[in-house]
1. Of the numbered conditions (1) part of a loop (DSSP other than H, G, I, E, B); (2) among the small types (Gly, Ala, Ser); (3) within 16 Å of the chain's Cα centre (by Cα), Ala109 satisfies every one except a single condition; which is it?
2. Within region 126-138, is even one residue over 17 Å from the mean Cα position of the chain (by Cα) and part of a strand (DSSP E or B)?
3. Condition (residue is free of Cβ contacts under 8 Å to residues at least 60 places away in the same chain, in a loop (DSSP other than H, G, I, E, B) and either touching a Phe, Trp or Tyr at 6+ places or on another chain (Cβ under 8 Å) or closer than 24 Å to Arg24 by Cα (or both)) applied to region 89-99: is it met by at least one residue?
4. Would you mind stating whether Ala109 is assigned by TED's automatic domain parsing to the domain that holds Gly58 and either at pLDDT below 90 or in contact with a strand residue (DSSP E or B) (Cβ under 8 Å, 6 or more places away or on another chain) (or both)?
5. Of everything in region 148-166, what is surrounded by 10 or more Cβ atoms within 10 Å (Cβ to Cβ) and out of contact with any Lys or Arg (no Cβ under 9 Å at 6 or more places or on another chain)? Give them in sequence order.
6. Restricting to region 1-21, name every residue that is assigned to a helix (DSSP H, G or I), under 15 Å from the mean Cα position of the chain (by Cα) and without any contact (Cβ under 8 Å) to a residue 60 or more places away in the chain.
7. Can you work out which of the residues in region 22-57 that are part of a loop (DSSP other than H, G, I, E, B) and touching a residue at least 60 places away in the same chain (Cβ under 8 Å) is nearest to Ala231 (Cα to Cα)?
8. Can you go through Ala202, Ala225, Ala206, Ala231 and tell me which one is among the hydrophobic types (A, V, I, L, M, F, W, C) and either at positive phi or free of Cβ contacts under 8 Å to residues at least 12 places away in the same chain (or both)?
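The values are calculated or read from the model by the stated rules, or taken from the named source; none is laboratory data. Values in this document were obtained by computation on a predicted structure and should not be read as measured data. FYI the Cβ positions are ideal-geometry reconstructions off the backbone, even for glycines, and counts take in every protein chain you see.
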Amino acid sequence: MSRLRIRFAKLGKVRWTSHRDTARMWERAFRRESLPLAYSQGFSPRPKVSFGLALSTGYESLAEYLDIELSLPEGDEAQVDIEALTGGLTAALPEGVAVLAIAPIADRALSLQEEVTACTWRLAVAPVEPGAPTPDIGQRVERLLSAESLVVTRTRKGREVVEDIRPAILSVRLVEETDDGVWLECDLATQPRSLRPTELVAAMGADLEERFVRRLHQWIERDGAQWEPLAAPLAATDAPHALVRAS
């Protein structure tokens, strides 16, 4: 057996593809590349493909991950051509999805769901009402960060629960102001509960909405050190407009 971790981008119109449909597009790409995927046992065998944190429909990303397990004879793991596989999978995927990096991982490595502790997001914040003046976003960010607690009502598994989301807001930074709104970059925790950008914006005020959300990084933190599940230079992507807002 051999396990590989794949990092990929999801940009442009394909951002409206659901998580389930994204999984199906990957299964088709694996078949086109004739990858010898390992399968589960039982009545209905499934390929051993494990996705990381789900990306909300409509969000873009430069840091999506999935782990796959290959069924290879012992000793043949080194024969997997990573460079050829990277290009082949990108060609087999829809426009806007590009493989950024592939690397082997230990057979006993923890799942992405267990390891990732935070994500970095970039998004624009603008008034809900068209034509309304943009409030002082910097002031609202300061108010968020200085608050000892931010108690909100969230829906979990079909029922409403009251939670304090302040511990999950690790940082918020103003980047620039454009016609699209005020751009922020923020680090939001994924454990023990994941905080979504839409919930952060809601905490800033009901008169604001998010626009053009993109995930930039996912982070693993252990013993005070922080790193990505699989590092990849942005230059590695052939996806259009990798560093600017895609249409």
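1. Here Ala109 clears every test but (3).
2. yes
3. Among the residues of region 89-99, not one is free of Cβ contacts under 8 Å to residues at least 60 places away in the same chain, in a loop (DSSP other than H, G, I, E, B) and either touching a Phe, Trp or Tyr at 6+ places or on another chain (Cβ under 8 Å) or closer than 24 Å to Arg24 by Cα (or both), which makes the answer no.
4. The answer is yes for Ala109.
5. Val152, Asp164, Arg166
6. Trp16, His19, Arg20
7. First pass over region 22-57, keeping only residues part of a loop (DSSP other than H, G, I, E, B): 33-36, 38, 40-46, 48, 52-57.
If we keep only those that are touching a residue at least 60 places away in the same chain (Cβ under 8 Å) as well, we get 52-53, 55-56.
Numbers: Gly52: 15, Leu53: 16, Leu55: 19, Ser56: 22 Å.
My answer is Gly52.
8. Of Ala202, Ala225, Ala206, Ala231, the one residue that is among the hydrophobic types (A, V, I, L, M, F, W, C) and either at positive phi or free of Cβ contacts under 8 Å to residues at least 12 places away in the same chain (or both) is Ala225.
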